[in-house]
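The values are calculated or read from the model by the stated rules, or taken from the named source; none is laboratory data. Predicted model, so just to flag it, every value in this text is computed and none were measured. Neighbour counts run over all protein chains shown; Cβ positions are idealised from the backbone, glycine included. When the accessible area is computed, the model is the full protein with side chains, heavy atoms only, and any ligands, DNA or RNA have been set aside. Shrake-Rupley method; radii C 1.70, N 1.55, O 1.52, S 1.80 Å.
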Amino acid sequence: MDNDAKVRPLYLAKILYEKTDEDHYLTTAQLVQYLEEYGIKAHRQTIKADIEILQNFGMDIKEVKSTQNRYNLVSRLFDIPELKLLIDAVESSKFITKKKSSELVDKLSHLAGEHNAAELKRNLCVEGRLKPGNEKIYMIVDTINEAINTGRKISFQYFQYNVRKEQKLKRDGEPFIFSPLHLVWNGDYYYMVGMFDYKQKIGSFRVDRIAQCPQILEEPAVAAPDGFDMNEYLNTTFRMYNCECCEVELVCDNSVMDSIIDRFGEGVTTYANDMTSFRAVVNVAASHIFYSWVFGFGGLVKIKEPENIKQQYVEMVQKAMCCMDDSDMVHNGNQTVTDI
């Protein structure tokens with residue numbers, strides 16, 4: 001068998017995949033012509049025989065018999081609606097850089113064939129979406145995954161922005177030693193959750209803030225504490241902000257039950273408070289992120305207990321109010337900050 005005969009079915013599959021779909025066919029003569037562009041000779045009988053090979057292999061190729069038989073690939077791994085969802089997710093993601101988004105959308109669009117590719121790219125576009133600039137992020141994620149799968153610690157540098165929008169390494173560039181346990185997509189960002197080496201407790205890092213690709217160490221990773229529940233950790237942590245968790249009782253207007261369940265799950269502990277409100281007992285990382293979440297309800301959610309958490313919330317609001325000019329203050333009778 002010559003080389004043309006060996007590779008001809010492969011090129012035929014490629015042509016059908018790229019140039020046909022449920023609504024677009026290629027005739028035998030057209031297939032012969034496209035094969036010639038690849039330097040491969042074919043004729044009517046070899047086309048028919050190769051199509052049968054591809055059908056036996058599992059490709060869903062439809063044949064319409066006539067003086068010029070027509071062929072098309074009628075089913076693919078992804079349907080058009082599925083590809084639209086995937087492209088929408090890629091375009092919307094803050095985690096994926098603009099350059100990589102364009103590359104991924106182009107690759108996903110080609111899975112639909114050339115007749116549908118332009119439609120997918122033209123109709124699904126999320127404008128004005130902030131994208132990260134860390135092009136190393138894909139290698140970083142891959143390295144973290146490898147460390148998790150092999151159960152080893154990693155060493156890396158972590159940066160934050162200063163007032164001049166410059167990247168500055170935390171701890172003066174001293175590497176963090178960390179035992180990654182999970183990768184988490186939360187609030188449009190990728191985080192790794194694991195054990196701090198120097199604190200020996202659970203914490204997290206934003207992946208796109210890792211300065212360089214981490215180094216995988218030979219030292220085995222530290223296991224999570226007994227009883228650690230990843231789902232519980234995600235439900236109690238606001239924007240993956242690292243701080244101690246505590247039990248907080250909230251008084252909530254009846255209208256916000258959907259939001260409480262969205263945040264803490266259907267298993268959240270709730271009690272009737274009065275005819276217009278209920279109490280929710282939740283475990284939360286009581287940081288400024290949590291307080292801003294409470295404040296966002298405009299008084300429909302209030303902190304009842306413990307007293308120290310309630311006081312911290314009041315102090316945060318007071319500090320924010322101190323930043324305002326007296327002329328900007330809105331007075332409402334005898335209401336004070338302690339009433340919120």
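Summary of computed values
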quantity: Cα-projected label distance for Ala89 with Thr67, points at 7 Å along beta-carbon direction, nm; calculated: 4.9
quantity: Extension reserve of the Lys41-His288 stretch, reckoned as 0.36 nm per residue once the Cα distance is removed; calculated: 81.9 nm
quantity: Mean ellipticity per residue at 222 nm, deg cm²/dmol - from DSSP H runs of n ≥ 4 across the chain, formula -39500 (n - 2.57); calculated: -12000 deg cm²/dmol
quantity: Heavy atoms of Glu91: accessible area, 1.4 Å probe, square angstrom to 10; calculated: 40
quantity: Residues Ile216 and Ile53, FRET efficiency given R0 of 35 Å [Cβ-Cβ distance, rounded to 0.05]; calculated: 0.20
quantity: Computed label-point distance, nm, for sites Val251 and Glu119 using a 7 Å Cα→Cβ extension; calculated: 5.7
quantity: For Ser75, solvent-accessible area (1.4 Å; no DNA, RNA or ligand), Å²; calculated: 60
quantity: Net length gained if the chain between Ser259 and Asp226 were fully extended (0.36 nm per residue, minus Cα distance); calculated: 8.8 nm
quantity: Anchor Lys310: aspartates and glutamates whose Cα lies under 16 Å away (excluding residues fewer than 8 positions away in-chain); calculated: Glu244, Glu247, Glu249, Asp339
quantity: Carbon + sulfur, % of accessible area of the chain - ligands and nucleic acids excluded, 1.4 Å; calculated: 50
quantity: Computed Rg/Rh of the range 1-91, alpha carbon atoms with Kirkwood Rh; calculated: 1.04
quantity: Heavy-atom SASA rank of Glu174, Glu244 (probe 1.4 Å, accessible area, largest first); calculated: Glu244, Glu174
quantity: Accessible-area order (highest first, 1.4 angstrom probe) of the listed residues Cys213, Cys246; calculated: Cys213, Cys246
quantity: Order of exposure, largest accessible area first, which applies to Tyr198, Tyr17 with probe 1.4 Å; calculated: Tyr198, Tyr17
quantity: Exceeding the 26 Å Cα-Cα cut-off - candidates Lys98/Lys165; Lys168/Lys302; Lys94/Lys170; Lys94/Lys304; calculated: Lys168/Lys302; Lys94/Lys304
quantity: Compactness of the chain as Cα Rg over 2.2 N^0.38 Å, two decimals; calculated: 1.44
quantity: Surface accessible to a 1.4 Å probe, His110 within the full protein complex, Å²; calculated: 110
quantity: Met139 paired with Ser102, simple spin-label distance in nm, labels 7 Å along Cα-to-beta-carbon; calculated: 2.1
quantity: In the range 1-69, lysine pairs with alpha-carbon atoms under 14 angstrom apart (chain gap of 8 or more, or interchain); calculated: 4
